[in-house]
Amino acid sequence: TPFECERLQGFPDGWTDIGDWVDEKGKTRKCSDTARYKALGNSIALPPWKWVLSRLSQQLGGGTLGSLFDGIGGFPLIWEGINGEGTCLWASEIEPFCIAVTKKRFKMQQEATK
């Protein structure tokens, strides 16, 4: 299930379960298992990247994160977990559903864009 995929990849339970969402054309869409599977499949597994970003943050002494294409906000999720809310300035995603997940999960200075 998408729930199991979220757990296997290290995302919080229900991360991709965002309810109805609005695509780039303004059309309201239902959150489907198919969209959730696709988004998770195009994302990252968080545990190895948490180690990498933790080491990077230690070397830099913190800092802010810009745009990284990872599907559903995995890099911002890790970075803000390490450095605090608001340290990811913006995220850029490609797929409309991924953009909707990122917008729902993060309060960023610049909204997720294509």
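The values are calculated or read from the model by the stated rules, or taken from the named source; none is laboratory data. A quick note: this is a predicted structure, and the numbers were derived from the prediction, not measured. A quick note on method: Cβ atoms are made from the backbone with ideal geometry, for glycine too, and the neighbour counts reach across all protein chains shown. For the accessible areas, the whole protein counts, side chains as well, though only heavy atoms, and no ligand, DNA or RNA atoms are used. Shrake-Rupley method; radii C 1.70, N 1.55, O 1.52, S 1.80 Å.
What full-extension length gain, to one decimal in nm, is calculated for residue 52 and residue 17 as 0.36 nm per residue of separation minus the Cα-Cα distance?
Separation in residues times 0.36 nm, less the Cα-Cα distance, equals 9.9 nm.
Enumerate the amide H contacts of residue 29 below 5 Å, restricted to partners 5 or more residues apart or on another chain; note that Pro and chain-start residues carry no placed amide H.
21, 22, 23
Project the alpha carbons of the chain onto their principal axes and report the range along each, largest first, in whole Å.
43, 30, 18
Using a 1.4 Å probe, what is the accessible area per residue for the chain, in Å²?
With all protein chains present, the chain gives 58 Å² per residue.
Please work out the FRET efficiency for the pair residue 64 and residue 30, using the Cβ-Cβ distance as r and a Förster radius of 30 Å; give the result to the nearest 0.05.
Numbers: r = 35 Å, r/R0 = 1.15.
Plugging the Cβ-Cβ distance into 1/(1 + (r/R0)^6) gives 0.30.
Accessible area of the chain with a 1.4 Å probe: how many percent of it is carbon plus sulfur? Don't jump to the answer; show the numbers that get you there.
On the way: 3540 of 6590 Å².
The value for the chain is 54 percent carbon and sulfur by accessible area.
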